[in-house]
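The values are calculated or read from the model by the stated rules, or taken from the named source; none is laboratory data. In this text the structure is predicted, and so the values were computed from the model without any measurement. Don't worry about glycine lacking a Cβ; one is built from the backbone with ideal geometry, like all the others, and counts go over all protein chains shown. Surface areas here come from the heavy atoms of the whole protein model, side chains and all, with no ligands, DNA or RNA. Shrake-Rupley method; radii C 1.70, N 1.55, O 1.52, S 1.80 Å.
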Amino acid sequence: MLCPSRLAKLRPLPRPLLAAARRHRGVDLRCAISSSPPPPPPPPPPQVRLRTTSSSSTGLGMPSVDEEECGDFLPWLERKAGAEVSPFLSVGKSAYGRSLFASKSIRAGDSILKVPFNVEISPDDLLPEIRSCKVGNVAKLAAIVLKEQKMGQDSEWAPYIRCLPQPEEMHSTVFWSDEELEMIKESSVYQRTIDRKVGMEREFSVLRHALDCHLPEVSKDMKFEDFMHACALVESRAWESSKGYSLVPFADFLNHDGLAKAVLLRDEQKQFSEVIADHNYAPGEQVLISYGKLSNAVLLLDFGFTIPHNIYDEVQIQFNVPLQDPLYEMKLYLLQRHCLQITHNFGISKCPADSFTIKLVLMLYFPYIRCHKFETVSIGMFL
């Protein structure tokens with residue numbers, strides 16, 4: 001079974017025949033930034049996302065079902081698929097927004113969800129003229145979302161599109177104001193956010209031209225903000241697949257627990273995506289899976305939330321060794337010896353600083369620092 005990765009990761013991985021899926025989605029960090037975070041209490045709590053919302057929610061407990069919007073979503077999806085998708089789960093609302101809850105007792109090892117490939121949305125659903133555009137798969141899937149949104153109730157995907165978050169419910173940093181972005185200006189998320197928005201603008205220009213030619217009913221009155229919202233939906237909900245990326249309705253309502261063992265699996269032979277429960281759930285309990293081993297920087301950029309005491313968190317360290325430093329040659333040698341990539345501008349103080357990534361690892365409550373591509377090192381060597 002394929003374990004696809006959610007778009008929330010920064011690096012593509014080779015895809016085996018059967019693999020586990022990581023997902024691209026809690027206090028909104030705009031409400032949680034502080035200069036001196038509290039030390040992690042042992043043992044760390046479950047790594048579920050936190051988000052501030054104004055919806056009627058019941059946290060991790062019993063769901064608040066929105067019958068008007070999504071009460072009939074699962075029956076509709078099963079009719080469309082021609083197969084049962086889940087006898088165990090129901091759609092509701094929690095503090096995290098749209099969520100899936102156990103509708104009856106679940107035991108570890110139960111197959112709690114199977115979504116056939118024929119009800120997944122992929123770039124293959126686009127016209128060949130649009131599919132051949134020189135834009136990424138995220139932008140192509142975004143074009144499908146825009147098309148279905150434009151069709152309204154006439155869309156075959158209307159029940160699904162209606163359940164997707166609205167722009168005001170999205171918390172990715174691409175939606176942050178300039179003032180809010182100032183709070184994270186010293187972090188790597190800031191530049192990644194700027195780069196992503198620039199990339200969206202470039203792809204919007206290319207895609208807009210193709211849509212004007214082949215789907216003018218979609219491009220009419222379409223704004224960049226509409227495209228950005230559609231891209232953010234894809235970034236936070238799509239999964240890697242044999243078709244590039246795919247939206248998997250119903251499965252994308254599952255929320256993230258950084259310590260969960262359950263993941264979305266893809267069976268390319270049987271043509272369905274599946275989730276196997278990693279522990280028992282009582283009726284009414286929210287069911288959670290892992291989107292992948294993702295740092296808070298990735299979670300914030302792609303989903304708009306962070307995890308307290310994230311064991312997969314990392315921080316980028318920027319530094320510069322001036323040419324006039326008497327230990328310049330020794331420091332350069334040590335850095336190169338430990339596989340740090342050195343730019344041709346290294347040592348010139350007026351140029352951007354080099355950087356490396358460290359990850360905080362907690363074992364038996366004794367923290368130590370392991371540097372990406374390094375053995376265990378002392379940060380003081382670089383100060």
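A compact table of results
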quantity: Filtered residues of the range 195-205 (kept if in contact with a helix residue (DSSP H, G or I) (Cβ under 8 Å, 6 or more places away or on another chain) and surrounded by fewer than 18 Cβ atoms within 10 Å (Cβ to Cβ)); calculated: K197, E201
quantity: Criterion violated by G97 - all others in (1) under 17 Å from the mean Cα position of the chain (by Cα); (2) open to solvent by 20 Å² or more (accessible area, probe 1.4 Å); (3) outside the structural domain of H214 (by TED's automatic domain parsing) satisfied; calculated: (2)
quantity: Checklist (1) within 20 Å of the chain's Cα centre (by Cα); (2) farther than 28 Å from W176 by Cβ; (3) open to solvent by 10 Å² or more (accessible area, probe 1.4 Å) applied to S241, failing item; calculated: (3)
quantity: Residue match in the range 99-111 (condition: under 25 Å from G244 (Cα atoms) and either touching a Pro at 6+ places or on another chain (Cβ under 7 Å) or not polar (S, T, N, Q) (or both)); calculated: no
quantity: Whichever residue in the range 289-300 is at pLDDT below 95 and not polar (S, T, N, Q) and, among such residues, is nearest to I121 (Cα to Cα); calculated: Y291
quantity: Count of residues meeting criterion [in contact with a helix residue (DSSP H, G or I) (Cβ under 8 Å, 6 or more places away or on another chain), assigned to a loop (DSSP other than H, G, I, E, B) and either closer than 23 Å to L164 by Cα or among the polar types (S, T, N, Q) (or both)] in the range 295-317; calculated: 5
quantity: Residue list for the range 191-236, restricted to those being basic (K, R), at pLDDT 95 or above and within 15 Å of the chain's Cα centre (by Cα); calculated: R196
quantity: Check on L211, closer than 19 Å to A139 by Cβ and touching a Cys at 6+ places or on another chain (Cβ under 7 Å); calculated: no
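Per-residue answers, yes or no, for (1) at pLDDT 95 or above; (2) among the acidic types (D, E); (3) surrounded by fewer than 18 Cβ atoms within 10 Å (Cβ to Cβ):
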| residue | (1), (2), (3) |
| --- | --- |
| G152 | no, no, yes |
| R162 | no, no, yes |
| E168 | no, yes, yes |
| H171 | no, no, no |
| M183 | no, no, yes |
| E186 | no, yes, yes |
